[in-house]
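Written out below as structure tokens is the structure these notes cover.
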Amino acid sequence: MRRNHRGFTLVEVIVVVSILSALTGIISLSVSSVFSVRVRRCATEINAFISMCKVNSMSRGGDIRIVLDVDDNGGIRGRYYEDGSPGAEPKSTEIFSDANVSAEFTVGGVTTALSSDNPLTLSFDRSTGGFKPCAMAGTEKIYCTSISVTGGKTYVITLVPSTGNHYMG
């Protein structure tokens, strides 16, 4: 008498499910690491852009500043200016990320999403090396204290207003 063995044994099913779950885990780690690399690179480039502005502010005269905002494609953009007059053209423009990365900044304890409507302007006081205030409230000077770059993982650039130092953590 012949038996008809249709289907899979329990051991075969367990082996297949184990292999599929291991592959899923590896793929998800790969995807998250790709996004983490983009976010880290963006934060590192913004940090370097701030450094370039500080060095140029200390070595040259004039109103040197950078403006961080979001371009028409949703990417984070930095524009470098050496002329403080209204309507001045940027000396250079850098695109730090695509639309999959976002940023926000904290000024006076208030966190705001970086956008084309909410740009962040940073400049340095040549005499002290510290950041210039982003705003004034009466006699109180209000400074930007951090920039957070997010896209799966978050990197924070901490700004020290009195010294002009900044670091990524």
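The values are calculated or read from the model by the stated rules, or taken from the named source; none is laboratory data. Note that the structure is predicted; figures quoted are calculated from it, not measured. Cβ coordinates were reconstructed from backbone atoms using ideal geometry, including for glycine residues, and neighbour counts include every protein chain displayed.
Tell me which strands (runs of 3 or more DSSP E) are completely within segment 91-132 and hold 2 or more residues being in contact with a Gly (Cβ under 7 Å, 6 or more places away or on another chain), or say none if there are none.
Of the strands (runs of 3 or more DSSP E) lying wholly inside segment 91-132, those with at least 2 residues that are in contact with a Gly (Cβ under 7 Å, 6 or more places away or on another chain) span 92-95.
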One residue is enough: does segment 146-164 have a residue meeting the conditions of a type in the set (Ser, Thr, Tyr), in a strand (DSSP E or B), without any contact (Cβ under 8 Å) to a residue 60 or more places away in the chain and within 25 Å of ASP72 (Cβ to Cβ)?
yes
Give segment 92-112 a look and list any residue that's surrounded by 13 or more Cβ atoms within 10 Å (Cβ to Cβ) and either in contact (Cβ under 8 Å) with a residue 60 or more places away in the chain or not hydroxyl-bearing (Ser, Thr, Tyr) (or both), or say none.
GLU94, ILE95, PHE96, ASP98, ASN100, VAL101, ALA103, GLU104, PHE105, VAL107, GLY108
Could you tell me whether segment 118-129 includes any residue that is without any contact (Cβ under 8 Å) to a residue 40 or more places away in the chain, under 19 Å from the mean Cα position of the chain (by Cα) and surrounded by 15 or more Cβ atoms within 10 Å (Cβ to Cβ)?
no
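Considering only residues of segment 92-112 that are of a type outside the set (Val, Ile, Thr) and farther than 22 Å from GLY164 by Cα, which is modelled with the highest pLDDT? Break it down stepwise before answering.
Narrowing segment 92-112 to residues of a type outside the set (Val, Ile, Thr): 92, 94, 96-100, 102-105, 108-109.
If we keep only those that are farther than 22 Å from GLY164 by Cα as well, we get 97-100, 102.
Details: SER97: 89, ASP98: 86, ALA99: 84, ASN100: 86, SER102: 92.
For segment 92-112, the residue satisfying everything is SER102.
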